[in-house]
Amino acid sequence: MELQVIQNRIHEIRGHKVMLDFDLAELYQVETRTLKQAVKRNADRFPKDFMFILSNDEIEKMVSQSVIPSKSKLGGAKPFVFTEQGVSMLSSVLKSKKAIQVNIAIIRAFVTFRQYLSDYKELKEEVAKIEVKMNTQFKNINQALNYLLKKDSKEQEQKERKQIGYKNNN
């Protein structure tokens, strides 16, 4: 299972990295309704921090972002959304060899995604430090250039002034 395929199906909803039921069903090679039935039969294994159901507003937002092609793809049912822990729990509900292989690949994708975000955060902090340093340096350079420009223009003004006072004719 290609890592990039799985990572493209991880979305952020309600501040959590999650996967949608129909994407998981496709990866597990089962029908979405089969996956949902297995979850409903084992509801006690899926607390709210493992799995939740999308609201109508969230569905609309996902359709507008082209995550879901249209509401008709859902067949009138609201999608189940699984966090990383929920995906892990699916392995105890879906017991096929395919489900185990897919779960391992998905967990690896979540770990890679988390590492990427960590690296990105560190990089972002370093860039912010450099920007602060560079802004200070650019401010100093800008002040020096302005001083030199003003100095040159003042010297030019002084040279162009008409001299007044005593003139020596020798």
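Worth a mention:
- The lone exception for Leu117 - which of (1) touching a Lys or Arg at 6+ places or on another chain (Cβ under 9 Å); (2) touching a residue at least 12 places away in the same chain (Cβ under 8 Å) it fails: (2)
- Residue list for the range 31-76, filter: small (Gly, Ala, Ser) and either under 12 Å from Leu20 (Cβ atoms) or part of a helix (DSSP H, G or I) (or both): Ala38, Ala43, Ser64, Ser72
- Residue satisfying condition, being under 32 Å from the mean Cα position of the chain (by Cα) and under 21 Å from Gly15 (Cα atoms), within set Ser88, Ser92: Ser88
- Within the range 93-113, the set of residues being in contact (Cβ under 8 Å) with a residue 60 or more places away in the chain and either more than 23 Å from Gln29 (Cα to Cα) or in a helix (DSSP H, G or I) (or both) comprises Lys98, Ala99, Gln101, Val102, Ala105, Ile106, Arg108, Ala109, Phe110, Thr112, Phe113.
- Picking from residues in the range 2-51 that are of a type in the set (Asp, Glu) and over 17 Å from the mean Cα position of the chain (by Cα), the one that is surrounded by the fewest Cβ atoms within 10 Å (Cβ to Cβ) is Asp44.
- Taken over the range 1-27, the criterion of being part of a helix (DSSP H, G or I) and modelled with pLDDT of 85 or more is satisfied by Asp21, Phe22, Asp23, Leu24, Ala25, Glu26, Leu27.
- Single residue of the range 77-92 satisfying the filter (in contact with a helix residue (DSSP H, G or I) (Cβ under 8 Å, 6 or more places away or on another chain), modelled with pLDDT of 85 or more and not in a helix (DSSP H, G or I)) that is nearest to Phe113 (Cα to Cα): Phe82
- Residue within the range 55-69 that is under 20 Å from Leu117 (Cβ atoms) and under 18 Å from the mean Cα position of the chain (by Cα) present: yes
- Residue within the range 117-136 that is under 25 Å from Gln7 (Cβ atoms) and in contact with a Gly (Cβ under 6 Å, 6 or more places away or on another chain) present: no
- Meets criteria (surrounded by 11 or more Cβ atoms within 10 Å (Cβ to Cβ), out of contact with any helix residue (DSSP H, G or I) (no Cβ under 9 Å at 6 or more places or on another chain) and on the phi < 0 side of the Ramachandran plot) for Gln101: yes
The values are calculated or read from the model by the stated rules, or taken from the named source; none is laboratory data. Please read all numbers here as calculations on a predicted model, not as lab measurements. Cβ coordinates were reconstructed from backbone atoms using ideal geometry, including for glycine residues, and neighbour counts include every protein chain displayed.
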